[in-house]
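Contents: one structure, followed by commentary.
The values are calculated or read from the model by the stated rules, or taken from the named source; none is laboratory data. Just so it is clear, the structure is predicted and the values come from calculations on it, not from any experiment. Backbone-built Cβ (ideal geometry, glycine too); neighbour counts: all protein chains shown. The accessibility values were calculated without ligands, DNA or RNA, using every heavy atom of the protein model including side chains. Shrake-Rupley method; radii C 1.70, N 1.55, O 1.52, S 1.80 Å.
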Amino acid sequence: MRGWLSFGASRDIGVPASEAEIWALYVAPRFWSTGAGRMLWLQAKSRMVEQHFMSCSLWVFQQNVRAIKFYEAAGFARDPAPPKSFELGGRKLLEVRYVCRLDATR
């Protein structure tokens, strides 16, 4: 398995029903920088459009520079919403929200 992507309607409070959300995206490390993540995104994007979503959002750890570069290259931009605090293994991490219009992404 190279990877997988899970999405559905946005779980954020107050967003329109026309907004999808990437719930999770995983690519096995040996397949990084091979186009596997981009292929997963393009397939998911196509399905989102088929399901009449107009935009897509996601939350990513602020410290995950590699993922942020990937999402920005795919057409996502940081949302001005404040970061969310997330605890993992006893460490406090911050998640930031990214969004894109589905008709305007690459």
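Against the criterion of solvent-accessible heavy-atom surface with a 1.4 angstrom probe, 45, 92, 84 sort, most first, into 92, 84, 45.
Per-residue 3J(HN,Hα) values for region 24-39, derived from phi via the Karplus relation 6.51 cos²θ - 1.76 cosθ + 1.60 with θ = phi - 60°, read 7, 9, 10, 10, 4, x, 5, 9, 4, 6, 10, x, 4, x, 5, 4 Hz in sequence order (x marks Gly and Pro). For the chain, relative contact order (Cα pairs under 8 Å, six or more residues apart, normalised by length) works out to 25 percent.
Rounded to 0.05, the FRET efficiency of the residue 87 and residue 34 pair, given R0 = 41 Å and the Cβ-Cβ distance, is 0.80. Shown are 59, 4, whose ranking by accessible area with a 1.4 Å probe and every protein chain present, most to least, is 4, 59. Accessible surface ranking for 48, 39, 1, 54, 1.4 angstrom probe, highest first: 1, 39, 54, 48. Whole-Hz Karplus values for region 78-86 come out as 5, 7, x, 4, x, x, 9, 7, 9 Hz, taken residue by residue from phi with 6.51 cos²θ - 1.76 cosθ + 1.60 and θ = phi - 60°; glycine and proline positions read x.
Computed per residue of the chain from DSSP H runs no shorter than four, each worth -39500 (n - 2.57), the mean residue ellipticity at 222 nm is -7000 deg cm²/dmol. Amide hydrogen proximity for residue 20: with H placed 1.01 Å from N in the peptide plane, the residues at 5 or more positions away or on another chain lying under 5 Å are 10, 54, 55, 56, 57. Note on volume of the Cα convex hull per residue in Å³: of the candidates (i) 99; (ii) 110; (iii) 136, the value calculated from this structure sits at (ii). A simple rule links phi to the HN-Hα coupling: the Karplus curve 6.51 cos²θ - 1.76 cosθ + 1.60 with θ = phi - 60°, which for region 59-68 gives 10, 9, 4, 4, 7, 8, 4, 4, 5, 4 Hz, with x for Gly and Pro. The Cβ shell under 9 Å around residue 58 holds other residues with a net charge of 0, Lys and Arg each +1, Asp and Glu each -1. Considering only 60, 15, 27, the mean-square fluctuation computed in a Gaussian network model of the chain, springs between alpha carbons under 10 angstrom, is largest for 15.
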